[in-house]
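Have a look at the structure below, then the notes.
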Amino acid sequence: MKENNKENIPKLWIFLFAGCFLLGIFGTNFWKTELIDKSGFLGDYMLMCMKQVQINYGEYFWFLCRRRIGEAVFLAVISSTYLGLLGIYLYISWIGFAAGIFMAGAGIRYGTKGILLFLGSMLPHQLLLIPCGVFLIYWCYRMCMILYYPDRCKEVYYGSKKQFLLRKFIQFQVILGVVIIGCLMECYVNPYIVTKLLNFF
């Protein structure tokens, strides 16, 4: 069978992420008192705790792995059901909304310094995790489309269904490997960057 490698990630994903990102920004500005002022988000006490916290790197690493690998496994399992597409859209929406809230909250609190803190909190691990996340979403999308919506899918797979699932399993192991590397960077490198940025506050 002939495989079409020209299938692009649906533009809907980009619009969905951007829309939810803007919604998070607008929502944070609209409910500024409740979300920022009363919650103590990035307040003086929170920043002081961030500066003084002693990190147990072993426990922190396993915490990150459990959270991020758990998200990937959950999304992969959902993609193997009829709810796969819904799960993908909800996942993209949540990421965009949460990023919008965090960036807007940091910006409202500290202006440009807050935006820099937001960007610094993403380095360097997100340089790996963001592309990996995009590939994971695309992986889940193709899995769900081929299994449940073959008439709407622009590609077909070589060999039997068992061989297809084996290839997808191997690809998923690669994804998890990249996630683990990202967790290592988030655990051992990112705290140093954030600590240096907090010196400006």
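Annotations for the structure displayed:
- Qualifying residue in the stretch 153-161 (condition: at pLDDT 90 or above, open to solvent by 70 Å² or more (accessible area, probe 1.4 Å) and among the hydroxyl-bearing types (Ser, Thr, Tyr)): no
- Test set (1) out of contact with any helix residue (DSSP H, G or I) (no Cβ under 6 Å at 6 or more places or on another chain); (2) outside any helix (DSSP H, G or I); (3) touching a residue at least 40 places away in the same chain (Cβ under 8 Å) - ASP151 fails condition number: (3)
- The residues listed here are LEU136, LEU197; of these, the one that is open to solvent by less than 50 Å² (accessible area, probe 1.4 Å), at pLDDT 95 or above and in a helix (DSSP H, G or I) is LEU136.
- LEU35 open to solvent by 40 Å² or more (accessible area, probe 1.4 Å) and closer than 18 Å to ILE130 by Cβ: no
- The single condition among (1) in contact with a helix residue (DSSP H, G or I) (Cβ under 9 Å, 6 or more places away or on another chain); (2) in a helix (DSSP H, G or I); (3) open to solvent by less than 80 Å² (accessible area, probe 1.4 Å) that LEU123 does not meet is (2).
- Filtered residue count, the stretch 38-71, keeping only those that are touching a helix residue (DSSP H, G or I) at 6+ places or on another chain (Cβ under 7 Å), within 27 Å of ILE180 (Cα to Cα) and loosely packed, with under 13 Cβ neighbours inside 10 Å: 3
- Screening the stretch 1-96 for helices (runs of 4 or more DSSP H) wholly inside it with 3 or more residues that are over 30 Å from LEU165 (Cβ atoms) and in contact with a Gly (Cβ under 9 Å, 6 or more places away or on another chain) returns the ranges 11-30.
To keep it simple, each residue is scored yes or no on (1) open to solvent by less than 20 Å² (accessible area, probe 1.4 Å); (2) within 18 Å of MET50 (Cβ to Cβ); (3) under 13 Å from the mean Cα position of the chain (by Cα).
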residue	(1), (2), (3)
LEU75	yes, no, yes
SER80	no, no, no
ILE88	yes, no, yes
MET103	no, yes, no
TYR110	no, yes, no
LYS113	no, yes, no
LEU119	no, yes, no
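- For ILE181, the conditions (1) in a helix (DSSP H, G or I); (2) surrounded by 15 or more Cβ atoms within 10 Å (Cβ to Cβ) all hold with the exception of (2).
- Inter-residue pairs, beta-carbon under 7 Å, first closer than 15 Å to CYS187 by Cβ and in the stretch 45-62, second open to solvent by 80 Å² or more (accessible area, probe 1.4 Å) and modelled with pLDDT of 85 or more, 6+ apart: TYR57/TYR188
The values are calculated or read from the model by the stated rules, or taken from the named source; none is laboratory data. Because the structure is a prediction, the values reported are computed rather than measured. Using ideal geometry, Cβ is built from the backbone for each residue, glycine included, and neighbour counts are taken over all protein chains shown. Note: areas computed on protein heavy atoms with side chains; ligands, DNA, RNA excluded. Shrake-Rupley method; radii C 1.70, N 1.55, O 1.52, S 1.80 Å.
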